[in-house]
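Encoded as structure tokens, the structure appears first; notes follow it.
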Amino acid sequence: MSRIVAIVGRPNVGKSTLFNRLTESRLAIVDETSGVTRDRNYGSCTWNGIDFSLIDTGGFVEDSGDIFEEEINKQVLVAIEESDLILFMVDVTAGIHELDKAIAGLLRKSGRKMLLVVNKVDNSQRLMEAAEFYELGTERYFPVSSVNGSGTGDLLDEIVSILPEKEPETIPEIPRVAIVGRPNVGKSSLVNSLLGEERNIVTPIPGTTRDSIYTRYNKFNHDFYLVDTAGLRKKSRVSENIEFYSVLRAVRTIENSDICLLMIDATRGMEAQDLNILSLILKNGKGLILAVNKWDLVEKDSNTARLLEKEIRKKTAPFTDFGIIFISAVKLLRIHKILDLINTVNKNRTRKIGTAELNSVMLDIIRQNPPPSARGMKISIKYITQLPTYSPSFAFFCNHPQYIKEPYKRYIENRMREKFEFTGVPLRLFFRKK
């Protein structure tokens with residue numbers, strides 16, 4: 001079971017700033033509704049060895065007639081329903097606003113676990129002023145400054161202490177494959193085609209379950225689980241805001257899988273939301289296969305696939321080492337090649353390289369092209385080992401790890417991909433003091 005934390009509050013209290021600080025990145029989903037473009041952020045956060053997903057919602061506005069604000073309110077309500085914990089954010093410089101009271105009432109009715117976060121507390125005077133927020137009816141609050149990070153450690157300690165523990169897995173040790181992507185790219189059609197039976201994977205069923213459903217695929221010498229996440233809570237609300245719900249759904253499905261098959265629509269190409277789902281797959285260390293669906297609907301010549309593949313890899317750079325397959329889920333075009341790709345990515349994901357072989361190959365490459373000197377100091381990497389982690393991770397022990405820059409790390413990763421087979425798998429490289 002994955003764990004989701006949502007940040008809610010009225011506009012301009014600093015939700016996105018807190019999101020960026022806690023996730024140490026910026027992941028945004030962009031789509032258009034009624035002519036309005038709106039950004040939604042979602043990402044992964046790890047604290048004290050415990051990981052969770054963080055959702056940044058738009059600012060809540062009560063009883064607004066504005067279409068944009070109405071859409072944001074729907075997103076907030078969906079986020080509240082799907083989350084294990086709510087961070088309710090207020091602004092100490094503005095004091096208690098009527099909207100804060102309205103949101104506090106909404107959260108009380110939801111019955112969700114909630115932490116009150118008082119933002120912009122960056123001096124002793126504001127720390128005293130924050131006490132007025134007890135009026136919102138919470139037992140305690142967390143004074144933070146999203147901008148400089150003060151107080152966020154205590155907040156994170158509290159978050160991980162009250163999140164539900166992940167339940168132990170009871171399914172066999174075979175790969176778990178999630179089919180993810182924007183709405184209407186053909187995910188259900190592909191599942192139905194692979195299984196050879198009519199299965200509506202995204203049937204809206206009222207209920208409260210948020211666990212994953214595993215459908216076993218055991219044919220043609222292939223054995224893996226297709227992962228789907230139950231949890232469509234209210235049919236009406238989901239249909240009102242299917243796009244936002246799909247983001248939450250993708251978060252859960254990705255976290256409960258080992259390999260993600262990201263489907264995109266050949267008639268639309270690689271769009272912003274596709275790139276953000278891809279970012280989340282890589283952030284979670286999952287294997288990746290990219291399937292371009294509806295290939296039968298595209299007018300093409302002998303160069304069309306090659307040009308589209310080149311355009312996709314340009315958009316996903318610097319991570320370009322993954323398989324791209326052009327399919328039609330409805331016409332069954334090339335769908336069985338997906339099975340071979342799943343096998344390949346699973347082997348690469350679980351690949352272990354012996355320390356002797358790793359050092360023999362990589363130290364020779366490093367000697368030929370060592371890291372650039374920094375501040376007159378020569379940087380030398382002496383020893384490399386693979387770490388016992390879920391996805392392939394490697395520790396490089398050196399004398400001045402803090403001076404190894406991103407371009408050199410990318411160079412090392414690219415050489416590793418050339419020498420060892422890691423197609424479709426994100427690598428994590430750590431440079432540590434020897």
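In this structure, Ile174 and Arg367 have a Cβ-Cβ separation that, at R0 = 30 Å, corresponds to a calculated FRET efficiency of about 0.15.
Residues whose amide H lies under 5 Å from that of Ala178, counting only those 5 or more places away or on a different chain, are Val227, Asp258, Ile259, Cys260, Leu261; hydrogens are built 1.01 Å from N in the peptide plane. Taking θ as phi - 60° and the Karplus parameters 6.51, -1.76 and 1.60, the scalar couplings of region 6-12 work out to 10, 9, 10, x, 6, x, 6 Hz in sequence order, x denoting glycine and proline.
Kindly state, to the nearest 0.05, the FRET efficiency for Asp223 paired with Glu165, given R0 = 41 Å and r defined as their beta-carbon distance.
0.90
Rolling a 1.4 Å probe over the protein heavy atoms of region 294-434, with every protein chain left in place, gives an accessible area that is 52 percent carbon and sulfur. Taken along the Cα-to-beta-carbon direction at a fixed 7 Å, the label points for Lys347 and Asn399 span 4.1 nm. Among the trypsin sites (Lys or Arg not before Pro) in region 311-402, those located in a DSSP loop and surrounded by at most 16 other Cβ atoms within 10 Å of their own Cβ are Lys331, Arg334, Arg351, Lys352, Arg375, Lys378. Scanning residues 5 or more positions from Phe431 or on other chains, those with amide H under 5 Å from its amide H are Phe396, with H placed 1.01 Å from N in the peptide plane.
Taking all protein chains as they are arranged and a probe of 1.4 Å, the heavy atoms of Glu158 leave approximately 50 Å² accessible to solvent. Quick one: check the C-alpha center-to-center distance for region 398-434 versus region 43-61, whole angstrom. That distance is 27 Å.
In order along region 346-363, the phi-based Karplus estimate (6.51 cos²θ - 1.76 cosθ + 1.60, θ = phi - 60°) of 3J(HN,Hα) comes to 5, 4, 5, 5, 9, 5, 10, 10, x, 4, 5, 5, 4, 5, 4, 6, 7, 5 Hz; Gly and Pro are listed as x.
For Met89, the accessible surface of its heavy atoms amounts to roughly 0 Å² (probe 1.4 Å, protein chains only, rounded to the nearest 10).
Rounded to the nearest whole Hz, the Karplus-based 3J(HN,Hα) values (6.51 cos²θ - 1.76 cosθ + 1.60, θ = phi - 60°) of region 121-126 follow the sequence 8, 10, 8, 5, 4, 5, with x at glycine and proline.
Full extension of the chain between Asn48 and Gln125 yields a length gain of 24.6 nm, computed as 0.36 nm times the residue separation minus the alpha carbon distance. Approximating the spin labels as points 7 Å out from Cα along Cα→Cβ, the Lys434-to-Asn148 distance works out to 3.9 nm.
Measuring from centroid to centroid over Cα atoms, what is the spacing of region 342-395 and region 81-150 in Å? Here the answer is 45 Å between Cα centres.
Scanning residues 5 or more positions from Leu85 or on other chains, those with amide H under 5 Å from its amide H are Ile4, Ala6, with H placed 1.01 Å from N in the peptide plane. Here r is the Cβ-Cβ distance between Ser110 and Glu135 and R0 is 25 Å; the resulting FRET efficiency, rounded to 0.05, is 0.80.
Would you mind calculating the relative contact order of region 285-351 from Cα pairs under 8 angstrom and at least 6 residues apart, reporting the percent as a whole number?
For region 285-351, the relative contact order is 45 percent.
Each label point was placed 7 Å from the Cα along the Cα-to-Cβ direction; for Ser380 and Lys314 their separation is 4.4 nm.
The magnitude of the dipole of region 366-415, with charges of +1 and -1 set on the Cβ of Lys/Arg and Asp/Glu and taken from the Cα centre, is near 200 debye.
The values are calculated or read from the model by the stated rules, or taken from the named source; none is laboratory data. None of the values given here were measured: they were computed from a predicted structure. Every residue, glycine as well, gets a Cβ built from its backbone with ideal geometry; the counts of neighbours run over all protein chains shown. What goes into the accessible areas is simple: the full protein's heavy atoms, side chains included, and nothing from ligands, DNA or RNA. Shrake-Rupley method; radii C 1.70, N 1.55, O 1.52, S 1.80 Å.
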